[in-house]
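All of the numbers you see were taken from the coordinates with simple rules; none came from a lab. In this text the structure is predicted, and so the values were computed from the model without any measurement. Methodologically, a virtual Cβ is constructed for each residue, glycine included, from the backbone with ideal geometry; neighbour enumeration extends over all protein chains shown.
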Amino acid sequence: MDKELFLKNKNTDIYVREKGSGPVLLMVHGSACDSSFYDEAEESLSENFRVITFDRRGYGRSNQYPTDNFSLEIQVEDIRMILEYIGEPIILFAHSAGCAVSAKFAIRYSEWVSKLILFEPFEESSVVENSIEAVWIQAIVELIRKEQYSLAMIRFSELMGDGDPESPPPTIREQEYMMTNYFHFIKNEFFHIFCSKVPYDKMDKDRTIFACSKGSYGNIFWKGIQKICEKTPFQVVGFPGYHNCPRDHASEFSKILKCCLGYE
């Protein structure tokens, strides 16, 4: 079953797509992208799951909004609205900036989440205090406060590090699309995501998995997961590639995710 629809929450139409049948797997994207980030992985995962993806408010096809409210609170309620449509508990997978929203949802509505997988989360709680990354982020914050968004985008890209050398370069159209999403993240969402301070210790460690790519070893994402797991011994699973593994290595990503969830 392939289906596309829009669901309205707080005067914003949220684009939702579903494919396949079986247990529900809701996938939340990060920044500088939208639900198309999971297009290739969705093909494989839909063999075992009813895969639900959506464009978070402000991104992709959910970019029409009457206010500038992009808080985590309203995004948590966006997911709750999708859950009302689905009508059954979900496996919740999130990538990068989407992890903060998903973690807060899982804490607030734990009865709706049978499993939570967080792939390289990015927010304040996952940044090591007084580290070079913390200093770098503070510089980005100052640029955003001064409305120097283009320079902030450059600095943030530098902070994220190198991309996957095996990933094909994006087309000009893809670059333009990515930059539109990226600008939205820096201008409208960065403070909400970075200052979220997710209380990871309140999450059920038996139902939560953290994921990290091999290419991220030693960088801000790897250090963040190490910091989180120092307090609570969550399960950590390794994936190939770099930060954008779910897109760049969709086939291998899907196989490992299925194994984590008891398939193959």
Problem set entry | Extension gain (nm, one decimal) between LEU159 and GLU174, 0.36 nm per residue minus Cα-Cα | 3.2 nm
Exercise. For the chain, what is the calculated [θ] at 222 nm in deg cm²/dmol (nearest 500), taking -39500 (n - 2.57) for each run of four or more DSSP H residues and dividing by its residue count?
Worked result: -11500 deg cm²/dmol
Problem set entry | Antiparallel DSSP beta bridges within the chain, as percent of all bridges there, nearest 5 | 35 percent
Exercise. Taking Cα atoms of segment 114-264, Rg/Rh with Kirkwood Rh, to two decimals?
Worked result: 0.97
For this session: Send over the semi-axes of segment 26-91's equivalent ellipsoid, whole angstrom and largest first, taken as the square roots of 5 times the C-alpha gyration tensor eigenvalues.
Result: 22, 16, 8
Exercise. What whole number of Å gives the distance from the Cα centroid of segment 189-264 to the Cα centroid of segment 85-112?
Worked result: 14 Å
Seminar exercise, completed: PRE zone check, label point 7 Å out along Cα-to-Cβ of GLU147, amide N under 20 Å, scope segment 67-98, hits 67-70
For this session: Quote the relative contact order of the chain in percent (integer), defining contacts as alpha-carbon pairs under 8 Å separated by 6+ residues.
Result: 21 percent
Problem set entry | Straight-distance crosslink candidates among lysines, where the alpha carbon sits under 28 Å from LYS19 and sequence neighbours closer than 8 are dropped | LYS3, LYS8, LYS10, LYS104, LYS115, LYS255, LYS258
Seminar exercise, completed: At q = 0.07, 0.11, 0.16 Å⁻¹, the log10 of I(q)/I(0) for the chain from a Debye sum over equal Cα scatterers comes to -0.21, -0.56, -1.32
Exercise. In Å, what Rg and Dmax follow from the Cα atoms of segment 60-153?
Worked result: 15.9, 44
Problem set entry | Lys, Arg +1 and Asp, Glu -1 on Cβ, resulting dipole of segment 2-260 about Cα centre, debye, nearest 20 | 520 debye
For this session: Note down the net charge around VAL141, summing +1 for each Lys or Arg and -1 for each Asp or Glu among other residues with Cβ under 11 Å from its Cβ.
Result: +1
Exercise. Counting only residues 5 or more places away or on other chains, whose amide H sits under 5 Å from the amide H of VAL24 once H atoms are built in the peptide plane?
Worked result: ARG50, ILE91
For this session: Kindly rank 168-181, 6-19 from highest to lowest mean number of other beta carbons found within 10 Å of each residue.
Result: 6-19, 168-181
